[in-house]
Amino acid sequence: MKDLILNNLPLKILALVISFLLWLNINVAQKTKLQFTNDIKVENIPNNLIIKKVYPDKVVVVLEGSKKNINKLDISKIQSVVEGQNLKEGENKLKVKIKGSLKDFKIISIKPKEVIIYTEKKK
C-alpha cells in the first residue's frame with residue numbers, strides 16, 4: 001500500500017498541480033452573460049423642443065464578462081442614452097448608446113438598437 005502511494009510521487013504531485021492550475025484557469029476565464037432592462041435617457045435636447053414620447057421607453061441590454069466582474073457590477077450606474085442634439089420637430093429615429101463603466105465587459109446586444117422620439121416645439 002505504501003509503495004502504491006509513494007511510487008512516482010513527483011509525477012503525481014505534478015499532475016495534481018497541473019490539474020489545479022487548469023481548474024483555476026477555467027474558472028477565471030469563464031464568461032457569464034447578464035441581461036437587464038434599462039430606461040431610455042435623452043440627452044442634449046434642443047432648447048426649442050420638448051419630448052412628447054419615447055418609444056419604446058426601455059431597452060434590453062445584454063453584457064458579457066467574467067463571473068467575478070458581473071457580480072461586482074452596479075447596474076444602476078449604467079445608462080441607455082440617446083443623443084438628442086439633432087432632434088427635429090415630429091418623429092425622430094435615433095440610435096441607443098450605453099454609458100457607464102464597462103471596460104471589463106462586452107456589450108452583446110441592445111434591443112431595440114433604435115428608438116423613436118416624438119417632439120414638438122415649446123410654446
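The values are calculated or read from the model by the stated rules, or taken from the named source; none is laboratory data. No experiment lies behind these values; they were computed from the predicted model shown. Note that we place each Cβ from the backbone using ideal geometry, even for glycine, and neighbour counts take in every protein chain shown.
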Q: Report yes if Asn92 is farther than 18 Å from Asn38 by Cα, surrounded by 12 or more Cβ atoms within 10 Å (Cβ to Cβ) and in contact with a strand residue (DSSP E or B) (Cβ under 9 Å, 6 or more places away or on another chain), otherwise no.
A: yes
Q: Give the residue, chosen from Ser80, Ser66, that is of a type in the set (Ser, Thr, Tyr), within 15 Å of the chain's Cα centre (by Cα) and surrounded by fewer than 17 Cβ atoms within 10 Å (Cβ to Cβ).
A: Ser66
**Q.** Condition met for Lys123 (touching a Ser or Thr at 6+ places or on another chain (Cβ under 8 Å) and part of a loop (DSSP other than H, G, I, E, B))
**A.** no
Q) Scanning segment 95-107 for residues that are at pLDDT below 95 and in contact with a Lys or Arg (Cβ under 7 Å, 6 or more places away or on another chain), which turns out surrounded by the most Cβ atoms within 10 Å (Cβ to Cβ)? A) Gly100
